[in-house]
Every structure is written in structure tokens, then in C-alpha cells.
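Scroll down for the structure; my scribbles are underneath it.
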Amino acid sequence: MGVPFVDLKAQYHSIKEEIDAALIGTMESCAFTLGPEVAQLEKDFAVYAGAQFAAGVNNGTSALHLALLAAGIGPGDEVITVPFTFIASASAIHYTGARPVFVDIDPVTFTMDPAAVEAAITPRTRAIVPVHLYGQMADMDPIMAIAKKHGLFVLEDAAQAHGAEYKGSRAGSIGDAAGFSFYPGKNMGAAGEGGMTVTQHAEINRKVRMLRDWGAEKKYHHEIIGYNMRLEGIQGAVLRVKLKYIEKWTEMRRDAAARYNAMFKGTGVVTPVELSNRRHVYHIYAIRTKERARWIEALNAKGIQTGVHYPFPLHTLKAFDFLGYKQGQFPNSEKAAAEVLSLPMYPELNAVQQEEVVSAVAALQAEALQLA
Ligand SMILES: *Cc1c(COP(=O)(O)O)cnc(C)c1O
């Protein structure tokens, strides 16, 4: 039969009439960049994320980049993040002129190890960017405590974590600001690219709004050199429809994850760990194996699509050679990068499809146990 890694079409078809109306509505209004749909989305998404303010931008990377710029971060500054993430987390730091400083992850949750943060702080450190990887929030209490002690800005990379919670607080509600992505494959996906910076600070919000729109609050009154990083009207309209369903879809993802966990029970397959005080939103459901390449090949042969998020920790990438890190410096990140394997995960994934995935993976695991 085969199982796809994601199925964007299934979601579209489940709300096709509303999405089509949103698309046509934008064509009729001709509000193509920002506009009333984006403004309403910003209001509603701020509420959803538990933040005071939200500013729509052209993608999640810009949401991070502009938040850092708005906080005054630039050349000569250091910003702490993790190497086990998508490259955008560190690229956004680099774009400001600041230096990304890596700290290792917790080996169980794959998120920032707060103990490593304290050790990486120097007089140049200005900010911390914890990543809510796979949809589970980083350990925010100790991170916020360290930030407070040293006067650092905290930017949550919430690109994968719409609706995730930490001790009852939403992603986007704890740090000084957070960046969300609406890339089509993310938990809340646009009809193209999109992103949102949310913040508790009026001044950060004001600056992000200026920076995304050529550095002007009022047309042609350019106060600073800004960018063209506005969210499109069509994305505002589509995302407003999707915001109505995100909680339902998140619960469907969580149900699918619970089914995987139950089906894998007793097989020896290493499944994701959701800590008791978190709401994991399962952007990614990643298992671990030391024989990943062989498993991917075997699963692909059965039509079961998989992913690897992410195969190379950032400090080992050619692009970040100039930072001077060495292989071996972040062992938890390196081990995770070598072992994680993302299984099909999306709200509409059903138990029959999951049985197919689990029986194939369990057979591989049984083989591995026999060989060991
Ligand atoms: C997707 C992603 C981004 C970047 O978002 P885009 O919308 O693709 O620019 C940043 N950080 C993480 C962890 C992501 O997964």
C-alpha cells in the first residue's frame, strides 16, 4: 500500500470550500500584501500563542531574523542556540551580523540543555534562541532564569511548535519573542511561504513591523533601512481559515502519536519522549535507530516514506566552517543526527496506515535485535 510522509492534499480537501473562498476573496479584494486579512490573523494568532502582539512576515526565518534585529542584536554580539535544528535557526542569527554560539541538546528531548547555556555565556552574549524541536518545547524555566540573571533576550524558535505548551504556557508566550513558520509542511501551513513574530513587547512589535515593510511605519517615512518581508494577503486569508482548525489538527496529531506509541510497545523501538509537563504537537514523530540507512531503504522499498530531521548538526556543516567548531564538540547533537528517523506524521494519518508503518519498522527492529 505505502504511506506518505505528509499528505497536504488530504487537509486541503477537508476544508476545500473555505480555502477556495479565501483565495477568491483575496483576488476580489486585491489586498495582496498585508491588508485586513493579515491584520486579523495577527490579532487572532497573538491570542492563540498567548502573546501580546504579532507581526506577519514572509517566512519563519524572517520572523526570527527581524525579532533579533528589533532587539538590537548585530555585529559583535553572540547569540546562543543549538546545533541540532534546521539551519534557519542559526542563519537568522548570522544575518544580523551576530555570531551563532552553539550549545548541546538534552539527549532525550532533543531540545537545548540549559546547563550548557550557562557555560557558553560571555560578555558578548546578548540572546538565547531555544528551538522547540519536533513540536516539544525546550525547558523554558531554567533558560528564562539564566536569561534574567544575565540580562539576555530570549527568542523562541517556534517554527515547529504551533500550540505546544510548557507547564500550561503556549509556545510564544514565555520568551521575549518567538518566530513561527507557516511553510506548507509545518503544523499550520500557508499556500506558499509565511511566518509570524509574536512578542510581549510593544517596541519589538513596532520595530518588526517597520523592518518587514521598508523601515517605515507610515508610507515613505523611512526611519531605518528595512526589508521587503511582508506577509501576503492570500496567506493571511488562508491561514485565518486554518487557525480555526489548528487545535483539532493538533489533537489528531497527538492521537496519531499515541497510537504509534501503543503499537510500538514491546517491540524495542525507541519512540519519542513527551515530558509530563509539556504538550508536544508532533510536527515530527522521530524514532531512533543505529541502522538508519538500511531501515530507510527497506521502508522506501515498501512505499513507506520517511525523513531525517536533521542528518547533520549545524556545527559540522561547511556553511558554518568559519565558526571554527569541530566534530565531537556536541556529542548529544551528533548522536541524535546519526540516529533519528522521522516516520509519517500528519493529522489525517490513520490507524491502518500506522499498522503498516509499525509492522515494517518492528520487523527491522526484530532483525536488529537478533543480529546484536
Ligand atoms: C521551518 C523552520 C524554520 C524556518 O521557517 P521558514 O518558514 O521555512 O523560513 C526555522 N526554524 C525551524 C526549527 C524550522 O523548522
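The values are calculated or read from the model by the stated rules, or taken from the named source; none is laboratory data. Every value quoted in this text rests on a predicted model; they were computed, and no experiment measured them. Neighbour counts are summed over all protein chains in view; Cβ atoms, including those assigned to glycine, are modelled from backbone coordinates with ideal geometry. Quick note on the areas: whole protein, heavy atoms, side chains included, nothing else; ligands and nucleic acids left out. Shrake-Rupley method; radii C 1.70, N 1.55, O 1.52, S 1.80 Å.
Annotations
- Under-5 Å amide H pairs with VAL57, H placed in peptide plane, nonlocal only: GLY195, MET196, THR197, LEU231
- On region 1-117, 61 percent of the accessible area sits on carbon and sulfur atoms, based on a 1.4 Å probe.
- Per residue, the solvent-accessible area of region 188-306 (1.4 Å probe, heavy atoms of protein chains only, all protein chains present) comes to 48 Å².
- Relative to the compact-globule estimate of 2.2 N^0.38 Å, the Cα radius of gyration of region 214-277 comes out at 2.03.
- For the pair region 212-244 / region 61-82, the C-alpha centres are spaced 19 Å from each other.
- Here the Karplus curve 6.51 cos²θ - 1.76 cosθ + 1.60, taken at θ = phi - 60°, turns the phi angles of region 311-317 into couplings of x, 10, x, 4, 5, 9, 7 Hz, with x standing for Gly and Pro.
- Rounded FRET efficiency, nearest 0.05, which uses the C-beta distance separating ARG294 from GLN327 and R0 of 22 Å: 0.45
- Under the span-like rule (Cα at least 24 Å along the axis, Kyte-Doolittle mean at least -0.5), DSSP H helices of the chain: 351-371
- Tail fraction, Cα-Cα pairs, the chain, threshold 39 Å, whole percent: 16 percent
- With 0.36 nm allotted per residue and the present C-alpha distance subtracted, the ASN350-TYR220 stretch has 41.6 nm of extension available.
- Checking every one of the trypsin sites (Lys or Arg not before Pro) in region 309-372 against DSSP loop status and a limit of 16 other Cβ atoms within 10 Å picks out LYS326.
- Tail beyond 14 Å, pair distance distribution of region 325-372 (Cα, percent): 68 percent
- The convex hull of the Cα atoms of region 125-197, projected and averaged over all directions, covers 4.7 nm².
- Computed as a quarter of the hull surface, the mean projected area of the alpha carbon convex hull for region 235-372 stands at 11.6 nm².
- Relative contact order, percent, the chain [alpha-carbon distance under 8 Å, six or more residues apart]: 23 percent
- The count of lysine pairs in region 246-371 with alpha-carbon distances below 20 Å, taking only pairs 8 or more places apart or on different chains, stands at 5.
- For region 8-243, a simple Cβ point-charge model (Lys and Arg +1, Asp and Glu -1, everything else neutral) yields a dipole of about 360 debye relative to the Cα centre.
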